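Asker: Here it is: the structure, laid out below.
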Amino acid sequence: MKKTILGGLNKTATNELVGDLNNLLANFQVYYQNLRGLHWNIKGKNFFELHVKFEELYTDSQMKVDLIAERILTLQGTPLHTFEDYSKLSKVPVAKNISNDVEAVQVIVDSLSELLKIERVILDQAADVNDEGTNSMMSDFISEQEKTVWMMNAWLG
């Protein structure tokens, strides 16, 4: 069996990375679905502001889901693609029937906090195996999400 892929990355190390990327994928899929629900169900005085913001966030998340799955494929793995797998792995809280603005924004902060934990683990692993592609992706995700958490916390007051 071939021990390296992609110009020298260790196959065994990348298999572990693929597992963690699939974990991230599962959590992102739950986060994405939460955002869709928040977008659809938000009510109250902040409706217009948050309805647009939630759409912006779910559009961004949809793009990130695709990037994660394609990275898994690049590392010669298979991306998870069933809700059964997602629900088994996800640590992101499920946001069911939330229409309150404060509760909705708090769900986003809590969800992004879970995603950031996973991404930091992957960032460290990618650095350890010299996987610059995954490292760069995680670094980009982390900086964007940290800013979103800051903004959401500022909104919460």
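The values are calculated or read from the model by the stated rules, or taken from the named source; none is laboratory data. Nothing here was measured: the structure is a model prediction, and the numbers come from that model. We place every Cβ from the backbone using ideal geometry, glycine too, and count neighbours over all the protein chains shown.
Asker: Looking at segment 114-157, which of the residues that are touching a Lys or Arg at 6+ places or on another chain (Cβ under 9 Å) and among the β-branched types (Val, Ile, Thr) is surrounded by the fewest Cβ atoms within 10 Å (Cβ to Cβ)?
Answerer: The extreme case among them is Ile142.
Asker: Every residue in segment 117-132 that is more than 14 Å from Leu21 (Cα to Cα) and touching a residue at least 24 places away in the same chain (Cβ under 8 Å), please.
Answerer: Of everything in segment 117-132, those that are more than 14 Å from Leu21 (Cα to Cα) and touching a residue at least 24 places away in the same chain (Cβ under 8 Å) turn out to be Asp128, Val129, Asn130.
Asker: I'd like the full set of residues that are surrounded by fewer than 15 Cβ atoms within 10 Å (Cβ to Cβ) and of a type in the set (Val, Ile, Thr), limited to segment 33-83.
Answerer: Within segment 33-83, Val52, Thr59, Thr78, Thr82 meet the criteria.
Asker: For the condition modelled with pLDDT of 95 or more and β-branched (Val, Ile, Thr), what is the one hit in Ile42, Ile5?
Answerer: On the way: Ile5 fails: modelled with pLDDT of 95 or more.
That would be Ile42, the only listed residue that is modelled with pLDDT of 95 or more and β-branched (Val, Ile, Thr).
Asker: Same structure again: Return a yes/no flag: does segment 58-71 have any residue that is farther than 24 Å from Ser143 by Cβ and among the basic types (Lys, Arg).
Answerer: As a first pass, look at segment 58-71 and keep what is farther than 24 Å from Ser143 by Cβ: none.
No, that holds for no residue.
Asker: Could you list, in sequence order, all residues of segment 99-113 that are crowded, with 19+ Cβ neighbours inside 10 Å and either modelled with pLDDT under 95 or not small (Gly, Ala, Ser) (or both)?
Answerer: Of all residues in segment 99-113, those crowded, with 19+ Cβ neighbours inside 10 Å come to 101, 104-105, 107-108, 111-112.
Within segment 99-113, Asp101, Val105, Val107, Ile108, Leu112 meet the criteria.
Asker: Pairs under 7 Å by beta carbon, first residue within 16 Å of Gln29 (Cα to Cα) in segment 74-86, partner hydrophobic (A, V, I, L, M, F, W, C) and surrounded by fewer than 16 Cβ atoms within 10 Å (Cβ to Cβ), six or more apart or different chains?
Answerer: From segment 74-86, the pairs are Pro79/Leu73.
Asker: Right, here's the next one. Take Phe28 and decide whether it is in contact with a His (Cβ under 7 Å, 6 or more places away or on another chain) and either touching a residue at least 40 places away in the same chain (Cβ under 8 Å) or part of a loop (DSSP other than H, G, I, E, B) (or both). Before you say what the answer is, go through the steps one by one.
Answerer: On the way: in contact with a His (Cβ under 7 Å, 6 or more places away or on another chain): no; either touching a residue at least 40 places away in the same chain (Cβ under 8 Å) or part of a loop (DSSP other than H, G, I, E, B) (or both): yes.
Spelling it out, it is not the case that Phe28 is in contact with a His (Cβ under 7 Å, 6 or more places away or on another chain) and either touching a residue at least 40 places away in the same chain (Cβ under 8 Å) or part of a loop (DSSP other than H, G, I, E, B) (or both).
Asker: Would you mind stating whether Thr12 is farther than 20 Å from Met137 by Cβ, of a type in the set (S, T, N, Q) and in a helix (DSSP H, G or I)?
Answerer: Values: farther than 20 Å from Met137 by Cβ: yes; of a type in the set (S, T, N, Q): yes; in a helix (DSSP H, G or I): yes.
The answer is yes for Thr12.
Asker: While we're looking at this one, here's another question. Please tell me if Met138 is aliphatic (A, V, I, L, M), touching an Asp or Glu at 6+ places or on another chain (Cβ under 9 Å), modelled with pLDDT of 95 or more and within 17 Å of Gln29 (Cα to Cα).
Answerer: Details: aliphatic (A, V, I, L, M): yes; touching an Asp or Glu at 6+ places or on another chain (Cβ under 9 Å): yes; modelled with pLDDT of 95 or more: yes; within 17 Å of Gln29 (Cα to Cα): yes.
So Met138 fits the description; yes.
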